[in-house]
């Protein structure tokens with residue numbers, strides 16, 4: 001029986017950023033041709049350790065073809081919610097969905113990250129049967145359990161009914177059922193996050209499983225058939241209260257990043273590509289009374305390129321789209337990091353004025369046409385993709401794979417797994433760390449990274465830092 | 001029933017109020033959160049009012065039915081014994097049931113009064129007061145055959161239920177409010193996670209202890 005709140009639970013984002021820095025990172029490894037089981041790598045990120053930058057432990061799954069993508073904790077700082085009265089969960093288990101298999105792995109990280117092991121496996125049939133959803137994706141710890149978003153509905157190809165969110169019990173990990181009571185016009189899903197004290201959720205859209213599992217479908221993209229809506233929900237009432245269409249040309253609205261301080265009722269959304277000009281865009285949403293508003297606040301243009309350097313998919317365009325595939329917001333709500341996976345760029349925006357993002361930092365690595373090497377000359381395949389910012393805001397961990405079949409279309413020469421570290425200048429500015437380089441096992445790609453004790457895309461806070 | 005015993009019971013009503021108020025599970029962190037969200041101390045005090053109101057109602061809905069039961073004067077002893085056993089039983093149930101309270105998590109954060117009421121009822125906070133309240137109730141009618149006398153006893157005891165609930169709720173919100181103000185104004189939020197002790201076992205034990213005392217007192 002836990003007698004005190006987990007020391008990694010923090011009432012406010014400010015307290016979380018002042019806590020001791022992470023010593024371990026958890027990185028998902030996926031086998032892109034499904035020939036090997038996917039795995040969770042535990043990476044030593046303590047600069048004073050002799051093992052710094054090394055994979056010190058690997059949890060290999062017993063199945064193949066799961067396709068690991070995103071994951072999350074069983075409990076985070078939201079356990080300190082003044083409404084729960086029971087702050088005595090432990091940040092202990094990682095919930096890892098297999099995006100392709102619809103299987104869920106619960107990994108126990110205690111007694112020590114280097115002894116992490118499988119605690120429980122929830123088979124796909126149980127999720128299908130209890131929720132009617134498939135292809136689980138984003139994981140957040142919510143008021144009444146662990147919330148898991150899905151990209152697919154029922155049926156073999158996940159198109160029988162819309163995808164949505166289901167709830168897992170935060171202690172037993174039993175699948176409890178669907179979350180939505182009234183989904184309104186929501187038919188697609190991707191990411192979601194919320195403002196817990198203000199009681200609303202925001203969700204985004206990628207596409208249905210046939211639109212991504214075997215690769216991007218160019219005809220669907222050019223016909224603007226991928227997701228382009230953002231949905232706002234009453235969290236406790238479990239109802240869609242507002243849906244905003246970004247315009248059909250704004251294809252694939254992915255990561256939802258609300259301000260961490262709950263007193264700030266705004267957040268950001270990344271849109272992968274505008275089909276009229278191939279640019280990527282950042283959108284800022286905010287609440288005015290009971291209405292939500294959203295506007296495009298930053299754009300990143302496509303870069304012209306010699307068609308001979310481009311994969312078949314892009315040859316006809318003679319340009320590389322930036323492809324904004326991930327965005328991440330520092331805990332002080334100051335810097336928004338934007339991954340341009342197509343052009344191989346990591347951008348840092350100062351978003352102190354949320355509707356006027358100011359570009360203050362940029363670096364290049366990989367890129368479809370650019371193929372930029374890291375400063376020490378090491379090749380970096382793919383481009384900066386998943387980003388994870390340390391709680392103190394001083395470091396950004398970067399991996400390079402998007403999704404197995406999409407990697408192959410945009411980077412046909414392959415995307416060997418990489419994990420790099422970017423150091424942040426508190427006044428603005430980013431630079432690759434010259435010593436940190438993770439040796440990813442052959443045949444594996446890297447996707448999302450989670451940091452010991454929480455990071456900038458897991459924890460939800462219930463108290464303002466004010 | 002001497003005055004000393006009465007005074008002790010009233011002190012117990014106040015002490016249980018202080019205890020409930022200090023328990024983070026009864027809502028003082030909500031007042032801190034409100035003050036921080038609005039960036040003004042008045043929001044903290046504004047949150048205390050519905051918290052106190054909800055707690056007061058939660059006491060009342062438990063005590064009033066027991067007040068009605070005092071009409072059954074001849075069963076007075078058995079009622080006290082049964083009440084004590086119920087309090088002990090709920091304590092044991094709460095000791096055994098430690099699951100995350102999902103239903104309570106559905107209450108919107110803006111409904112502080114409803115939240116306070118539901119939390120207090122779910123945790124048997126009102127039951128903790130029952131033995132003290134029954135001890136304070138008038139039981140001796142002026143005449144055993146006097147129907148009006150019995151009615152006036154019930155009326156007295158119902159009034160007493162409201163008074164006990166009110167005194168308890170005032171003590172509760174004074175204690176909780178003081179902690180909330182201390183955290184908000186002086187100690188800072190880091191105290192919240194450091195000082196938040198798991199009271200689940202102690203709380204269940206308190207119910208059992210109060211019940212046992214009542215059993216002993218009724219012997």
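Since every read-out is calculated from the coordinates, none of them should be taken as a lab result. Please read these numbers as outputs of a predicted model, since none were measured by experiment. FYI the Cβ positions are ideal-geometry reconstructions off the backbone, even for glycines, and counts take in every protein chain you see.
What the Cα atoms of the stretch A:192-337 give is an Rg and a Dmax of 16.4, 54 Å. For residue A:23 and residue B:151, the FRET efficiency from 1/(1 + (r/R0)^6), where r spans their Cβ atoms and R0 equals 60 Å, is about 0.25. A straight line joining the Cα centroids of the stretch B:1-80 and the stretch B:85-105 runs 18 Å.
At full extension, residue A:178 and residue A:52 could sit 41.2 nm farther apart than now, given 0.36 nm per residue minus the alpha carbon distance.
Residues within the reach of a label modelled at residue B:106 (point 7 angstrom out along Cα to beta-carbon, backbone nitrogen below 12 Å), restricted to the stretch A:236-251, are A:236-238.
Between residue A:34 and residue A:223, the contour length at 0.36 nm per residue exceeds the Cα-Cα span by 65.0 nm. Kirkwood analysis of the stretch B:39-153, using all unique Cα-Cα pairs, places the hydrodynamic radius at 16.4 Å.
If you wrap the tightest convex hull around every Cα atom of the stretch B:1-82 and split its volume per residue, you get 116 Å³. Between helix B:41-69 and chain B there is an angle of about 20 degrees, using the helix long axis and the longest principal axis of the Cα atoms.
With the largest listed first and rounded to whole Å, the semi-axes of the equivalent ellipsoid of the stretch B:3-218 from the Cα gyration tensor are 34, 18, 15.
Stokes-Einstein diffusion for the stretch A:348-425, with the hydrodynamic radius set to the Kirkwood value over Cα pairs and evaluated at 10 °C in a medium of 1.306 mPa s, equals 115 µm²/s.
Above 39 Å lies some portion of the pair distances; for the stretch A:13-451, what is it as a whole percent of all C-alpha pairs? Pairs farther apart than 39 Å: 11 percent. What whole-number distance in Å separates the alpha-carbon centres of the stretch A:405-466 and the stretch A:207-279? The two parts, judged by their Cα centres, are 22 Å apart. Assuming R0 = 41 Å, can you tell me the calculated FRET efficiency for the pair residue B:75 and residue B:162, based on Cβ-Cβ distance, to the nearest 0.05? For residue B:75 and residue B:162, the calculated efficiency is 0.95. Applying 1/(1 + (r/R0)^6) with R0 = 56 Å to the Cβ-Cβ distance of residue A:379 and residue B:95 gives a FRET efficiency near 0.40.
Contour minus end-to-end for residue A:171 and residue A:130, with contour as 0.36 nm per residue of separation and end-to-end as the Cα-Cα distance?
13.0 nm
Taken along the Cα-to-beta-carbon direction at a fixed 7 Å, the label points for residue A:413 and residue A:110 span 4.8 nm.
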